[in-house]
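Reading through the structure tokens given below for one structure.
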Amino acid sequence: MNSIPSSAVATLALALAVGCSRGPEPCVSAGTCPAGQECLANRCVVAGGDPVSADSQRLVLEPIEMAVVEGRGRDPSEPPAAITFGSSATTTATLYLKFPRAWRDKRRVEAAFVILEPMAATFGSNDDVSVAVWRVGERWQPAALALAKQPALLPPRGRGIARSAPPSPLRIDVTEIVRYLAKNPANDHGIALRASPGESAGASFATGSAGGRSPRLEIYVR
């Protein structure tokens, strides 16, 4: 039997490690992170650390394109006042967002978060709602989207936890997505937040179309 060169073994081990690696674990409150970690900026980090470096610069971007697909026959190009994730009253809910390319320079992206604000005067659930965020894999137009006609969603992927009681922002770490898009500008077709229907009222967040703050992308660069 022929032996495998040690260099090949090392390369394989590295590939497996990268393929199996996971981003920061999302969290919603203290005590939900593994031992030795704490919940900062809605992600588990080493206790006593900071989510970003003190000398980083923060960029806050508002969406230039937005669409909501909830499967209720509504025109996706006219977003409702709020999108509800994890509701038993609707199908899979998807929020499409495209932001200006303000981070496209030689600075390093240290961290990035997509943030949604809770919608006022909406009844929510105590249950956690898992929300995934992906990069959109192809061009899209809000008016052309429908439940049965949506673009492919591709990795890198982020994951967050939404909860309405008490109302609190939904903050999802999208650092790996933003870093990928910074290196691959031709593949920047925006991002999409998606959650499957649940067994409760879900968690509602403002789109900014009729009151409340619109979703935003916070990018920290050095």
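The values are calculated or read from the model by the stated rules, or taken from the named source; none is laboratory data. Computed from a prediction, not measured in an experiment: that's the story for all the values here. Positions of Cβ are generated from backbone atoms using ideal geometry, with glycine treated the same way; all protein chains shown enter the neighbour counts. Ligands, DNA and RNA are stripped out before the accessible areas are found, and what is left, the full protein with its side chains, is counted by its heavy atoms. Shrake-Rupley method; radii C 1.70, N 1.55, O 1.52, S 1.80 Å.
Brief remarks on what is shown
- Test: residue in the range 68-90 that is at pLDDT below 85, basic (K, R) and surrounded by fewer than 19 Cβ atoms within 10 Å (Cβ to Cβ): yes
- Considering the conditions (1) among the acidic types (D, E); (2) under 19 Å from L217 (Cβ atoms); (3) out of contact with any helix residue (DSSP H, G or I) (no Cβ under 6 Å at 6 or more places or on another chain), D127 is excluded by exactly one of them, (2).
- The range 26-64 - residue that is among the charged types (D, E, K, R) and either open to solvent by 70 Å² or more (accessible area, probe 1.4 Å) or at pLDDT below 65 (or both) and, of those, nearest to R135 (Cα to Cα): E62
- Sole exception among (1) among the β-branched types (V, I, T); (2) surrounded by fewer than 17 Cβ atoms within 10 Å (Cβ to Cβ); (3) modelled with pLDDT of 75 or more for T94, by number: (2)
- Qualifying residue in the range 158-169 (condition: of a type in the set (A, V, I, L, M, F, W, C) and touching a Gly at 6+ places or on another chain (Cβ under 9 Å)): yes
- Taking residues in the range 147-166 that are in contact (Cβ under 8 Å) with a residue 60 or more places away in the chain, and partners anywhere that are part of a loop (DSSP other than H, G, I, E, B) and hydroxyl-bearing (S, T, Y), the pairs with Cβ atoms closer than 8 Å and at least 6 places apart or on different chains are L147/T91; R163/S125.
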